[in-house]
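Below: the structure, in structure tokens.
The values are calculated or read from the model by the stated rules, or taken from the named source; none is laboratory data. Please read these numbers as outputs of a predicted model, since none were measured by experiment. With ideal geometry, Cβ positions are generated from the backbone for all residues, glycine too; neighbour counts draw on all protein chains shown.
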Amino acid sequence: MNPILNEILEIPARARDVLNSPTTSLPVYVPYLGMGSSYFAPLAFKYMGVPIQPELASEYVYYSTKGQKAPMAVLLSQSGRSSEVLWCREIVDQYVAVSNYSTSDLCTAPNVARVVPIMAGEEYYSSSKTYVNTLIALFKGFGLSPDAAVTLIAENFQQYREQGHKLAEEVLAVRSQFPIHGMYVTGSGPNIGTAYEAALILSESTKLNFHGLPMAQYDHGPKETAKDSIVIQILAKGPAYERTQRLSEMITKAGAHVFTVEVPVQSANAVDEHLSILHNIIPFNFMAYYMAEKLNIGETFVVGGKVTEAD
């Protein structure tokens, strides 16, 4: 089996592993510092109303500290080796480490208060298992129960695979017929993190430029690029749901090719907007895989490695 596909297929089992692991409480009113997927995951909880301060670890180091140490923070890195996150160890008194590797440099520094293992297993390609498992660990750490939503991941998994395959075929078909100049993934509230993550894995896997952004931010200007663009709108039953639908109608009339991703109807009552983040990302993992396969992309990381180790 293709190793990239195999990692995606492990999502339900790995999600169950972290769900059944001991719960480690997480602090609030403190910075949550990560890069890439490890930044997008806590960002989702900010828009659920959890009082945390998600920050890009790089910008926190470069611009936000002003020579002062934070008494407590949460540092997130799948590998435990991302340079910018490791730099943050020196600018906080204590921190909680969230990582896949409990023996990594991130998890073994003298000022680690405790470690939250995400238990995603080995992952060499885009952050599929890691992203879902980080979300589950955060749900648990904030005292929020994702149990029913995790069960539904397994129940809906084949549908998500089919949806991702269909999206891949449809997007590639549009690109072959029209002079597409822009591809966007949009979301609202907690699913802003989903939009960023989806655009990241699609770009990594396909070598095409997908741009993730909040739906309302797209409405504030980028919609002027609608003609001959592709827009994938992430839908969830929340305050922005109807606005998202109206925007889809508007930009379709303006010449955009609009697609949507949403939790299946039969599960919608069991998966509220907050929990939808565990589900809405999965079709994009399959979409990225199938698009890369059709485009004959051989490697996920060509310009750099999976772990960014900056000087």
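Observations on the structure shown:
- Members of segment 67-114 that are under 21 Å from the mean Cα position of the chain (by Cα), of a type in the set (Ser, Thr, Tyr) and closer than 18 Å to Pro54 by Cα: Ser77, Ser82, Ser83, Ser99
- Checking Ser102 against (1) among the hydroxyl-bearing types (Ser, Thr, Tyr); (2) within 22 Å of Ala13 (Cα to Cα); (3) modelled with pLDDT of 95 or more, the condition it does not meet: (3)
- Hey, Thr108 touching a residue at least 12 places away in the same chain (Cβ under 8 Å) and either closer than 21 Å to Ala288 by Cβ or out of contact with any strand residue (DSSP E or B) (no Cβ under 7 Å at 6 or more places or on another chain) (or both) or not: no
- Between Lys207, Lys166, Lys253, the distinction of being of a type in the set (D, E, K, R) and touching a residue at least 12 places away in the same chain (Cβ under 8 Å) belongs to Lys207 only.
- Criterion (modelled with pLDDT under 95, surrounded by 24 or more Cβ atoms within 10 Å (Cβ to Cβ) and over 18 Å from Gly193 (Cα atoms)) met by exactly one of Ala310, Ala270, Ala292: Ala292
- Criterion (outside the structural domain of Phe45 (by TED's automatic domain parsing) and either outside any loop (DSSP other than H, G, I, E, B) or surrounded by 24 or more Cβ atoms within 10 Å (Cβ to Cβ) (or both)) met by exactly one of Gln158, Gln94: Gln158
- So Leu152, is it under 29 Å from Pro12 (Cα atoms) and either not polar (S, T, N, Q) or not in a helix (DSSP H, G or I) (or both): yes
- For segment 191-211, a residue qualifies if it is under 22 Å from Asp272 (Cα atoms) and either at pLDDT below 95 or surrounded by fewer than 24 Cβ atoms within 10 Å (Cβ to Cβ) (or both), and exactly one does: Tyr196.
- Matching residues, segment 10-45, being free of Cβ contacts under 8 Å to residues at least 12 places away in the same chain and buried (at least 17 other Cβ atoms within 10 Å of the Cβ): none
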